[in-house]
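Encoded as structure tokens, the structure appears first; notes follow it.
The values are calculated or read from the model by the stated rules, or taken from the named source; none is laboratory data. If you're wondering where the values come from, they're calculated on a predicted model, not measured in any experiment. Don't worry about glycine lacking a Cβ; one is built from the backbone with ideal geometry, like all the others, and counts go over all protein chains shown. Accessible surface areas use protein heavy atoms only, side chains included; no ligands, DNA or RNA. Shrake-Rupley method; radii C 1.70, N 1.55, O 1.52, S 1.80 Å.
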Amino acid sequence: MSVVTQVTKQLAAHRSGHRVISVYLDLDPDRFATAPARASQIRSLIDDAHKHLESTDGLDHEEVISLRSDLERVDAYLGSDEPPFQGARALAVFCCSRDDLFEVFQLPRTTEARVMIEPTPYIEPLVVATADRRWAVILVSRRIARLLTGTPSTISEHERFDDDVRGHHSQGGPSQANYQRSVEKDTDDHLRRAAEEVYRCWQRERFDRLAVGGPEEIASRLEKLLHPDIGGCLVDGRVDVDVATANEEHVRSALQGLAQEDEERLERDALDGLAAGIGSGGRAVGGPSDTIEALNERRVATLVLEPGFDQPAARCPACGLLVLEVGGVCPIDGTELEQVDHLREAAVEAAVAQDAEVIVVSHYPDLGPVRGVGALLRF
């Protein structure tokens, strides 16, 4: 389990009763690449948060003072040299001084800028943004091998090596054949070294997808040398860049098409599994009521959501039970239910707490008939 996943689970389970400030800063390079643009966004977010805080009912004086201080702390942090802006597409900050909580995450994809002041950390954008599969890209020619790793938008060079592989000549005769066999052996040794490095990288980092770039003959030869353990990671298609001269941005751009195809395939597989399971009465449910019931029973393997799915609900502060009807008492322990403004967030928190995958479907309309939400089940 990655450090981000561990901390995300801790945030999902955070139930101290003290309100938490959750800040999402959009770092889209087309709009917020400069310090003045980021500063303007930060100022707007903090100002809106102060207005929201002052208009929120039900807060005692001590909590208001604490939250004002927390907002000032977040404001000072984001305006300093400390935030890890470089290489991020967004930043998430969670702060609650009464619980000694201050966590910062770099996000590999852009997200809507917002500040939430809620009884629990607002983790749904964090979970969605960090759900990108981890990729490795191996670029190979007869002499050069370059290995890059990361998410599609943040992939960076991990290792490069150039082997001394002799070139072709055209003298003819027996010496030509012998020389050519020697050249091909050198090439095979070079590709074998590249394949071994890919496998060592997978053992260290456990990437989810592997893409190959380079001349087709060389790329195909490399694929045959890859360790069987990573065969399932290999994607169809090539990363179409110049092996010797492409920079990281060129590779990211060339990888986007493959990554989008993979994302669409992931969504399609989940939706097909959902339809088959619901249709047969098997391991799938659709609609808010059945999905929340499955989350409460900790049966969910994959939570599937439309981008716009949300509605009010309620939750038991004692046992965590989610119910769709606002108000009343918990049917399990009789505790008065607390209102949840965003069922989407509460469902994602429950999914993370039971190690379920979360997929937001953005390429297909299939979830409409089940009101935007469903789940694939473990049992």
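Numbers below:
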{"quantity": "Computed [θ] at 222 nm, helices only, for the chain once each DSSP H run of length n ≥ 4 contributes -39500 (n - 2.57)", "calculated": "-13500 deg cm²/dmol"}
{"quantity": "Segment His250-Tyr364, extension gain: residue separation times 0.36 nm, minus the distance between their alpha carbons", "calculated": "38.2 nm"}
{"quantity": "Debye, to nearest 20: dipole size of region 20-151, +1 on Lys, Arg Cβ, -1 on Asp, Glu Cβ", "calculated": "1360"}
{"quantity": "Computed accessible area, Lys51, all protein chains, 1.4 angstrom probe, square angstrom", "calculated": "140"}
{"quantity": "Hits among lysines - C-alpha to C-alpha of Lys185 under 28 Å, sequence gap 8 or more where chains match", "calculated": "Lys224"}
{"quantity": "Rh (Kirkwood; distinct C-alpha pairs) - region 242-314, Å", "calculated": "15.3"}
{"quantity": "For region 308-379, diffusion coefficient by Stokes-Einstein and Kirkwood Rh (Cα), 10 °C, 1.306 mPa s, µm²/s", "calculated": "118"}
{"quantity": "Size-normalised alpha-carbon gyration radius of region 68-110, reference 2.2 N^0.38 Å", "calculated": "1.20"}
{"quantity": "Computed over region 324-379: relative contact order in percent, which uses C-alpha pairs under 8 Å that are six or more apart", "calculated": "15"}
{"quantity": "Histogram of C-alpha separations across the chain, 20 Å bin width, %", "calculated": "24, 48, 22, 5, 1"}
{"quantity": "Positive-pole candidate from Val348, Thr120, Leu324, dipole of the chain, charges at beta carbon", "calculated": "Val348"}
{"quantity": "Trp135, Trp202, reordered so the largest accessible area comes first (probe 1.4 Å)", "calculated": "Trp202, Trp135"}
{"quantity": "Largest-first ordering by accessible area, 1.4 Å probe, given options Glu82, Glu261", "calculated": "Glu82, Glu261"}
{"quantity": "Degrees, to the nearest 10: 216-225 long Cα axis against longest axis of the chain", "calculated": "70"}
{"quantity": "Per-selection Kirkwood Rh - region 100-160 (Cα, Å, 1 d.p.)", "calculated": "14.3"}
{"quantity": "Spatial separation of Cα centroids for region 88-112 and region 325-379, in angstrom", "calculated": "23"}
{"quantity": "Simple Cβ-charge dipole of the chain, Lys/Arg +1 and Asp/Glu -1, about Cα centre, in debye nearest 20", "calculated": "1200"}
{"quantity": "Dipole of region 242-379, positive end: most advanced residue of Leu266, Leu255, Gly281 [Cβ charges, Cα centre]", "calculated": "Gly281"}
{"quantity": "Degrees between helix 248-280 axis and first principal axis of the chain (Cα, 0 to 90, nearest 10)", "calculated": "60"}
{"quantity": "10 Å binning of all Cα-Cα separations within region 1-115, expressed as whole percents from 0 upward", "calculated": "13, 44, 33, 10, 0"}
{"quantity": "Cα-based Rg of region 228-354 normalised by 2.2 N^0.38 Å, two decimals", "calculated": "1.49"}
{"quantity": "Accessible area of the chain belonging to carbon and sulfur atoms, whole % at 1.4 Å probe", "calculated": "48"}
{"quantity": "Surface accessible to a 1.4 Å probe, per residue, for the residues of the chain, Å²", "calculated": "48"}
{"quantity": "Label-to-label distance, nm, for residues given as Asp163 and Tyr199 (7 Å Cα→Cβ offset)", "calculated": "1.4"}
{"quantity": "C-alpha long axis of helix 35-55 to longest principal axis of the chain, angle in °", "calculated": "20"}
